[in-house]
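For reference, the structure discussed in these notes is given below.
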Amino acid sequence: FPSHDTMDSKLIQCVGCTYGPMKNLRRDFFRYKSDYTFVRALKLYAFHPGFRTVCEFRVLAHLYSTHRFRLSNLYRIRILRKYGADFVPGATIGTGLRIEHPSGIVIGRGAVIGDDVTIMQNVTIGQKEIDLSGLGLSPQISNGVTIAAGAILVGPVHVKANVFIKTGTIVTGK
């Protein structure tokens with residue numbers, strides 16, 4: 001049986017890689033825990049549904065970026081049923097994403113979310129009007145933003161860096 005050090009180094013190699021769904025997972029992990037061990041990573045995945053949702057989103061984004069559209073849509077339905085969060089393929093989310101409670105989160109196609117963003121439960125980020133191109137009609141959220149429970153961001157809005165969006169706030173564009 002391999003030692004903890006061997007398993008730690010293998011997981012660090014996997015999480016530290018620069019390809020596929022693991023590319024952003026290392027920064028995502030450090031948003032939840034500042035000190036890293038293999039056992040802590042397993043506990044976090046096992047007992048924190050928000051972190052599991054972030055991991056699942058990274059896989060979904062990888063499937064979509066490699067043009068496996070049917071598989072990515074099936075995976076989207078899996079995430080929706082399992083966690084109650086709806087990540088539409090085509091959303092761009094930076095590293096260091098932290099989700100506290102995944103239930104009721106909707107992130108629409110075309111949404112751009114920066115690094116180190118925290119999202120609470122029942123948050124909607126998406127288009128105000130139906131537009132299949134998704135260009136320019138979705139919110140753009142900068143780095144370090146915290147979005148509290150029940151907030152709604154729709155339309156072409158730009159949220160600046162290090163902003164706290166309060167509970168139940170509705171932000172609309174044009």
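The values are calculated or read from the model by the stated rules, or taken from the named source; none is laboratory data. Just so you know, these numbers come straight off a predicted model, no measurement behind them. Quick reminder, even Gly has a Cβ in these numbers, built from the backbone with ideal geometry, and neighbours come from all protein chains shown. These accessible areas exclude ligands, DNA and RNA; they are computed on the full protein's heavy atoms, side chains included. Shrake-Rupley method; radii C 1.70, N 1.55, O 1.52, S 1.80 Å.
Of all residues in region 109-118, those satisfying the criterion of being in a loop (DSSP other than H, G, I, E, B) and open to solvent by 10 Å² or more (accessible area, probe 1.4 Å) are Arg109, Gly110, Gly114, Asp115, Asp116.
Filtered by the rule that a residue be in contact with a Pro (Cβ under 6 Å, 6 or more places away or on another chain), open to solvent by 50 Å² or more (accessible area, probe 1.4 Å) and hydroxyl-bearing (Ser, Thr, Tyr), region 50-77 gives a lone residue, Tyr64.
For Val39, the criteria (1) aliphatic (A, V, I, L, M); (2) surrounded by fewer than 14 Cβ atoms within 10 Å (Cβ to Cβ); (3) closer than 14 Å to Phe87 by Cβ hold in every case but one, which is (3).
Gln127 meets the conditions (1) closer than 19 Å to Val59 by Cα; (2) touching a Leu at 6+ places or on another chain (Cβ under 7 Å) in every case but one. The failed one is (1). I'd like to check something: does region 5-18 contain any residue that is closer than 24 Å to Arg109 by Cβ, among the small types (Gly, Ala, Ser) and either at pLDDT 85 or above or in a helix (DSSP H, G or I) (or both)? Among the residues of region 5-18, not one is closer than 24 Å to Arg109 by Cβ, among the small types (Gly, Ala, Ser) and either at pLDDT 85 or above or in a helix (DSSP H, G or I) (or both), which makes the answer no. For the residues Ile93, Ile105, Ile165, the requirement of being on the phi < 0 side of the Ramachandran plot, modelled with pLDDT of 95 or more, among the aliphatic types (A, V, I, L, M) and within 15 Å of the chain's Cα centre (by Cα) singles out Ile105.
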